[in-house]
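Student: Below is one structure. I have some questions about it.
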Amino acid sequence: MTVIGMRRSGKTSFLHQVRADRIASGKEPNRLVYFNFEDERLADFEAEQLGLIPDAVVRLFPEESREPITLLLDEIQLVPGWEKFARRLLDESGTELFISGSSAKLLSREIATSMRGRGWEIEIHPFGFREYLRHHGHDIPETPHRLTSKRAVLLDRQFKAFLDVGGFPEAQSLEPQDRRQLLQGYVDVLLLRDVIERHEITNVTALRWMTRRLLGNPGGLFSITKFEADLKSQGIAAGRDTLHAMLAHMEDAFLLRSIQVATDSEKRRQVNPRKIYPIDPAMGPVFDRSRKTNTGHALEVAVHNELLRRGAETAYVKTKDGHEVDFLSRNRDGSQWLIQVCADVDTPETLERELRGLREAAAEHPADRQLLLTAESRTPFPDVPSSVEITPAWRWMLEQ
């Protein structure tokens, strides 16, 4: 099983949870072997030495040798040639193997590719809202559509805090300034190790401009052609191919995701800009020069990441009349949803704009559900057509 995801999102903790679950189910602890190859005592470990690990377990605990071993190998990409060892174990024995890692030498997604179809990929995300509530010891409602007004208002406040704090585990207990510094550090390390060093990027200035543009405008439209012109106006030279490659490198490292316009025309997909979403809703204010939290942007990022967590394929819709719907979601069960995200619909003009987009998009992309998700609950919500479900985003996120 290959455990992938952005740095500091919880891959190592997941491996320790797996080990604890196996022990709780009755497996002998001595048959559950965890190695972290970033440990300085394992520096310069070579592929031919990896076989010493299962051999040593059998020699140390011969009375348990009939029970299969579970190996949890963290940051194994630091050992060149590890793939042959892993494939040999899978071919020769019943060993259960968990592999995790990401670095300048080998991005974690490529670990799954190295197994050539023999790995089950587990992607670790920063906390979603349900995990945020659990982490902070808050009750998770079993029936989020049947709550008292007092409970709904409490969840409104908790959801607002989630949008501000984000989902990275280490950021949960920090003050705002410390949290900003932590997230900035995450991005700096990722750019250095997983982009600059790995791909030998020399135009670091253009890369940092792109990073700030993408992360500081979450949910915004991004065109490589326009960005190239912006760089040129600032005296920074960078070709389109180079910029396309930089964007791909950041996506490969799980820093952000881009979605394209919903269309069957490849040409139209190419000429329309992409929409960019950071891995975490709290990253926007860190890279926005105003340093202000934009609830609408953070909300859209959180909704996108929840769709990603559920395994949906997403695109945005641009109707024939030029109006947009934030997400066309094609879900694992075959259903298709149109989702409009808006911090609030307090004014008639805002409500009409959101509904007009859904109405036009539904004519072009028939959907099983049309959702209008807001940042908080209202009692009552304004009237909407029967085809549209209007609900706070947290309620939708807590649906089973």
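Student: Take residue 4 and tell me if it is touching a Pro at 6+ places or on another chain (Cβ under 9 Å) and of a type in the set (Val, Ile, Thr).
Tutor: No: the conditions fail for residue 4.
Student: Tell me the residue from 392, 385 that is touching a residue at least 40 places away in the same chain (Cβ under 8 Å), in the same structural domain as residue 144 (by TED's automatic domain parsing) and under 30 Å from residue 149 (Cβ atoms), please.
Tutor: 392
Student: Which of (1) touching a helix residue (DSSP H, G or I) at 6+ places or on another chain (Cβ under 6 Å); (2) under 30 Å from residue 322 (Cα atoms); (3) assigned to a helix (DSSP H, G or I) does residue 182 not meet, given it meets every other one?
Tutor: (2)
Student: Ok, one more. For region 1-17, how many residues are closer than 11 Å to residue 74 by Cα and not aliphatic (A, V, I, L, M)?
Tutor: The total comes to 6.
Student: May I pose another question? Out of 243, 231, 247, 174, which single residue is at pLDDT 95 or above and in a loop (DSSP other than H, G, I, E, B)?
Tutor: 174
Student: Sticking with this structure for a sec: State which residue pairs qualify: first residue touching a residue at least 40 places away in the same chain (Cβ under 8 Å) and inside region 219-240, second residue aromatic (Phe, Trp, Tyr) in any location, beta carbons under 9 Å apart, and separation of 6 or more residues or different chains.
Tutor: 219/277; 221/316
Student: Then there's this: Pick from 149, 173: which is among the polar types (S, T, N, Q) and under 29 Å from residue 286 (Cα atoms)?
Tutor: That would be 173, the only listed residue that is among the polar types (S, T, N, Q) and under 29 Å from residue 286 (Cα atoms).
Student: Evaluate region 8-20: report whether one residue or more is more than 21 Å from residue 119 (Cβ to Cβ) and either touching a strand residue (DSSP E or B) at 6+ places or on another chain (Cβ under 6 Å) or assigned to a helix (DSSP H, G or I) (or both).
Tutor: yes
Student: Which of the residues spanning region 271-290 are surrounded by fewer than 21 Cβ atoms within 10 Å (Cβ to Cβ) and either in a helix (DSSP H, G or I) or without any contact (Cβ under 8 Å) to a residue 40 or more places away in the chain (or both)?
Tutor: Passing the criteria: 271, 287, 290.
Student: Take region 162-175 and flag every residue that is without any contact (Cβ under 8 Å) to a residue 12 or more places away in the chain and not acidic (Asp, Glu).
Tutor: Hits for region 162-175 are 173, 174.
The values are calculated or read from the model by the stated rules, or taken from the named source; none is laboratory data. Keep in mind it's a predicted model, so treat the numbers as computed, not measured. Positions of Cβ are backbone-derived with ideal geometry, glycine not excepted, and every protein chain shown enters the neighbour counts.
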